[in-house]
Amino acid sequence: MLTPEEMLKATDVINFMRSRMETAQGRMEELSARVLKDPSSALSYSHDDFVHAARLAIMPGFLGAMTEERSKATLATLTDYAREKALRIVLYPPHSTSPTCNLMEQAHGTVWAELFEWLSGFRC
């Protein structure tokens, strides 16, 4: 069972993740509008949008796991899982013939590293 202090820290991590997901959703809506207006320009400067898209792909499931079972063991397991995913992408970087596929995989690595960082701070 979590102590009141640990519960507060877990709640902070959850709220931060929700905030990141809201920001990511807003950025994807902005990207859609930019693509409709000027596709070439919008896609030329969309590197950060890959990370926002990766957040929307990864965080909802991760957030669900955090909010369904708020036990120290679950948070430790999720922290280990995020570390493993982040390290795997760094140790075995994508080598697709598609540059955009490689960018998305790198963005996934960024999000997994963020999750590990946030959860590691929780465990301190």
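The values are calculated or read from the model by the stated rules, or taken from the named source; none is laboratory data. A quick note: this is a predicted structure, and the numbers were derived from the prediction, not measured. Reconstructed Cβ throughout: ideal geometry from the backbone, glycine too, with neighbour counts over all protein chains shown.
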Check: Which condition breaks for Ser98 when tested against (1) in contact with a Ser or Thr (Cβ under 7 Å, 6 or more places away or on another chain); (2) of a type in the set (S, T, N, Q); (3) over 23 Å from Ile14 (Cβ atoms)?
Finding: (1)
Next item on the list: Give the stretch 41-57 a look and list any residue that's at pLDDT below 95 and not aromatic (Phe, Trp, Tyr), or say none.
Entry: Ser41, Ala42, Leu43, Ser44, Ser46, His47, Asp48
Note to self: One residue is enough: does the stretch 29-45 have a residue meeting the conditions charged (D, E, K, R), within 18 Å of the chain's Cα centre (by Cα), within 22 Å of Phe116 (Cβ to Cβ) and part of a helix (DSSP H, G or I)?
What the structure shows: no
Checklist line | Matching entry among Thr67, Thr74, Thr79 (being in a helix (DSSP H, G or I) and touching a Ser or Thr at 6+ places or on another chain (Cβ under 9 Å)) | finding: Thr79
Item checked: Unmet criterion (only one of (1) at pLDDT below 85; (2) of a type in the set (Gly, Ala, Ser); (3) in contact with a Lys or Arg (Cβ under 9 Å, 6 or more places away or on another chain)) for Ala24 -> (1)
Next item on the list: Just name the residue that is modelled with the lowest pLDDT out of those in the stretch 61-81 that are within 14 Å of the chain's Cα centre (by Cα) and surrounded by 13 or more Cβ atoms within 10 Å (Cβ to Cβ).
Entry: Met66
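Mind checking whether some residue in the stretch 38-54 is free of Cβ contacts under 8 Å to residues at least 40 places away in the same chain, touching a Pro at 6+ places or on another chain (Cβ under 6 Å) and of a type outside the set (D, E, K, R)? Please lay out each step first, then the result.
If we filter the stretch 38-54 for residues that are free of Cβ contacts under 8 Å to residues at least 40 places away in the same chain, which is where we start, we get 38-46, 48-49, 52.
Among the residues that remain, those that are also touching a Pro at 6+ places or on another chain (Cβ under 6 Å) are: none.
Scanning the stretch 38-54, I find no residue that is free of Cβ contacts under 8 Å to residues at least 40 places away in the same chain, touching a Pro at 6+ places or on another chain (Cβ under 6 Å) and of a type outside the set (D, E, K, R), so the answer is no.
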